[in-house]
Amino acid sequence: MIFFITLIISFLFLEPNFSLEIQNKNIWRYHFNLEDIKESILYDSKIYCFAERGYFYLDLESNNIIKNTVDLNLSGVDVIKALDYNGELVLIYSSGKIDFVKGNRVSSVDLAITENVKINHVTNKEKYIYVSSTEGVYVIDAENKTVKERYEYFYDPNDKVNVSFLNFSKNKIYAISNGDIFFSDINSNYKDFRNWDKMSLFNDSIYGSFIENDQLYFYNNNSIFSEIGVSVGTDVDGEIVMIKEMDNMIYKLFKKNQSMFLIVKDEFNDTTNLNIPQNLKVNNFDIYDNDMWLVGDAFSLYNVDENIFYSPSNFPVKSINKIYDEDNIIYTFSGGDKFSVHNQGLWESENLNGFDSISSIAKNSLNTFYASFSYGILDYNNFIIIDDNYPGSLLKKYSNSSDIVVTDIEYIQDVLWILNYGSNTPLISREINNNWQSYEIGIGFNYPLSLTFNGSETLWVIHDKSKFGGITLFNTLSKEKFNLSITNNKLKSTNVNAIAIDQNDYVWVGSDEGLIYFTTSKFDDIKNYDNYLTPNNGERNIFQNIKINDILVDFSNKKWIATNQGIFVFNSENKTIESIKTDNSPLQSNNVLSINMDKQGDIFILTDYGLISYKTYNELPNLDYSKLKIFPNPVDLDVDQNVKITGLVDNNLIHITNQSGRLILSEIYKGGGFLWNLKDSKNIKVNSGIYFVFITSNDGSRELVEKIFIK
């Protein structure tokens, strides 16, 4: 039955709707931290630097740094290896997709690997690209853009080999797996396990190989062996990190006393030390444009010859695990003591000097507070940690640990409300005069995760679903509590993940089993409620039996529902639904973990692949129409999909007519920005001509007329 309902939901979203410009790549933005670079390549006078997610390039002619923009033609953002083959930039992704890029043309190959297969290395020889993986080697014909073959078994027909990397020397091919080396004649059938021999040179894993004077050598952190197993020793005073042969010279990167050093040996066996800054974590190096370039962690790109670091700006902290909004400003947390704030299109990062595991933020007119999963609360303005030893504090440590776990905080009418996870009285209030009170919110309900205030008197508290789960309502005036559960018909599932209260005071509750709602958020009304309601599109119940991770209510009262099947944008008033998924947008994963919105109407979407944003133009409503803008104007029907109207107030009546006065569109609209999809009320695209936009505020007192030229 669950499978059947999921199919129905998918069917509802097949009809395209262009009020969202999902396919317009110009209004999507990736927000990847590009400090840690794993791979680099010179292509078309540019050095491309690839992080675990995303990339940037340095234009060697202009010396400009360009971060990756959203490109719907590319197969991903997770490049693990890049090659220059026959004038094409070849991008190999961890997903097993391969793109061949030249100008605006992209040709793709899919290795069709399963989720448990990891790509370890890529080697190219002549027209073939060899992809080493945890389940053997894939061979791609780069000329014809096809997967030629795959071989998994080496020497033993019963054991798939985890191939670390491949190399070629003279008339042999070598496949390295941890400390084992499998080799075969270069013209033999590699798919036949009997054509492979095996030798073991090291007790530990082999790091890599290099060729010197037409001889192949293998190395690990402290040893170098020839291809026939003879140790040749090492002249490196430290731990070997990487050895490469370039331009008939051997470059050795090694580590000693936590610092890295790079030496080069020329064809006359003369050795030169290349000075690199102390404490760099180098992941790769190469020679581009006659200069030595390094890439690595926490420094991006470094030119050894010029002693210059190159790194893009305007990115958030890495490894984001939570996005949070306070007054429609986006914050990102990553588990450490560093956080980032996105405001007016720019990221700013700050370090809280050891106050890590940040969970949430709350502000009043005078102060800012940060909560932590480990240390309690930070009084930011005074940089004082509020824990169990703070005067008057009612915070308690979690179980037998030293951690004070605060999962959420909220400032409401000069009172700081606190969720103290694991305490017998986990809901705490702290008044501005430092008067503390704590509250028991149900026997066994000691593990609250988040709180939502309805704007008047009720706190909606979500409990940890790995404990008892469910929701508790708390009346901040009467101090009463009421628990919602399956048994009192107030919940469909106790595995609740999200609560959102919309502009009509409807409460939307998302769980592992779908979406339910209530038509009021008030404490007494909910107590008297018979049971929860299920959203319906007029024909059937919707959003059932799918996992809902988060819910956002935008300025137009639409619900952005983050699920493990993408995002669904639900207009609960006219029952329309739009979907955003990997197959119709730049989303890299349908597993959407969190979703939030800033004042400019940018929707920030956190997936298990990272953070991306989508510009809706539906900004925070204005007080009047003084900032009204309509663009583009004139409109090109062959190019433009929508007209944007920004600078609107909270409630608007929008009429669009043609030059003859015929009504094209009439819309009662909430929100500060509106997208007209250039279609009339019958969903037919308009013709070229002059159109008039009439906008009236909800009290009817102000009317504006704007003219749009459509060609």
- Suppose R0 equals 30 Å; then what is the FRET efficiency for residue 197 and residue 116 from their Cβ-Cβ distance, rounded to the nearest 0.05? 0.60
- Query: Rounded to the nearest 0.05, what FRET efficiency is calculated for residue 159 and residue 72 with R0 set to 35 Å and r the Cβ-Cβ distance?
  - Reply: 0.30
- Residue order, fewest to most surrounding Cβ atoms within 10 angstrom, among 583, 638, 379: 638, 583, 379
- Item | Note, ³J(HN,Hα) from phi for the range 646-656, Karplus 6.51, -1.76, 1.60, rounded to Hz, x at Gly and Pro | 10, x, 7, 9, 5, 10, 9, 10, 10, 10, 10
- Distance in nm between residue 576 and residue 172 label points, each 7 Å along Cα→Cβ, equals 6.8 nm
- Task: Whole Å is fine, so just give me how far the alpha carbon centre of the range 436-489 lies from that of the range 357-392.
- Result: 22 Å
- Query: Residue by residue, what Karplus-based ³J(HN,Hα) values in Hz, rounded to whole numbers, does the range 622-635 have, using 6.51, -1.76 and 1.60 with θ = phi - 60° and x for Gly and Pro?
  - Reply: 8, 7, 8, 9, 5, 9, 4, 9, 10, 8, x, 7, x, 10
- Query: Between residue 638 and residue 524, what length in nm is gained on full extension when 0.36 nm per residue of separation is reduced by their alpha carbon distance?
  - Reply: 35.5 nm
- Item | CD proxy at 222 nm, helix term only [per DSSP H run n ≥ 4: -39500 (n - 2.57); per residue of the chain; nearest 500] | -500 deg cm²/dmol
- Built amide H within the under 5 Å cut-off of residue 106, gap 5+: none
- Note on the structure: In nm², the average projected area of the convex hull spanned by the Cα atoms of the range 23-103 is 5.6 nm²
- Between residue 215 and residue 148, what is the FRET efficiency for a Förster distance of 35 Å, r being their Cβ-Cβ separation, to the nearest 0.05? 0.75
- Distance between Cα centroids, the range 155-197 to the range 297-318: provide it in whole Å. 38 Å
- For the range 575-711, averaging the sequence separation of alpha carbon pairs under 8 Å that lie six or more residues apart and dividing by its residue count, the contact order in percent is 18 percent
- Between the residues 651, 374, 586, the Cα farthest towards the positive end of the dipole of the chain, that dipole coming from +1 and -1 charges on the beta-carbon of Lys, Arg, Asp and Glu, is from 651
- Putting +1 on Lys and Arg Cβ atoms and -1 on Asp and Glu Cβ atoms, find which of 319, 304, 292 reaches farthest to the positive end of the dipole of the range 252-321. 319
- Task: Give the dimensionless ratio obtained when the Cα radius of gyration of the range 279-356 is divided by 2.2 N^0.38 Å.
- Result: 1.40
- Residues whose modelled amide H sits under 5 Å from the amide H of residue 124, counting only those 5 or more places away in sequence or on another chain, are 130
- Average Cα contact separation per residue, the range 496-621, under 8 Å, 6 or more apart, as relative contact order %: 16 percent
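When Lys and Arg each count +1 and Asp and Glu each count -1, what net charge do the other residues less than 15 Å away from residue 29, Cβ to Cβ, add up to?
0
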- Query: Where a Cα-Cα gap under 21 Å defines reach, which lysines qualify for residue 711, not counting those fewer than 8 residues away within the same chain?
  - Reply: 629, 644, 679, 682, 685
- Message: Through the Karplus equation 6.51 cos²θ - 1.76 cosθ + 1.60, θ set to phi - 60°, convert the phi angles of the range 462-474 into ³J(HN,Hα) values in whole Hz; use x for Gly and Pro.
- Response: 8, 9, 4, 6, 7, 9, 9, x, x, 9, 10, 9, 10
- Quick one: plug the Kirkwood hydrodynamic radius of the range 550-648 (C-alpha pairs) into Stokes-Einstein at 4 °C, 1.567 mPa s, and report D in µm²/s. 88 µm²/s
- Item | Charge dipole (debye, nearest 20) of the chain; +1 at Cβ of Lys and Arg, -1 at Cβ of Asp and Glu | 1800 debye
- Relative to the present Cα-Cα distance, how much length would full extension add between residue 188 and residue 379 at 0.36 nm per residue of separation? 61.8 nm
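Normalised by the number of residues in the chain, what is the relative contact order in percent for Cα pairs under 8 Å and 6+ residues apart?
Values: 1749 pairs, mean separation 50.1, N = 711.
Computed value for the chain: 7 percent relative contact order.
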- Would you mind checking which residues have amide H under 5 Å from residue 594's amide H? H placed 1.01 Å from N; only 5 or more apart, or other chain. 606
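Coordinate-derived values only; no laboratory data. Given the structure is predicted, the values throughout are model-derived calculations rather than measurements. No Cβ is skipped: glycine too gets one built from the backbone with ideal geometry, and neighbour counts run over all protein chains shown.
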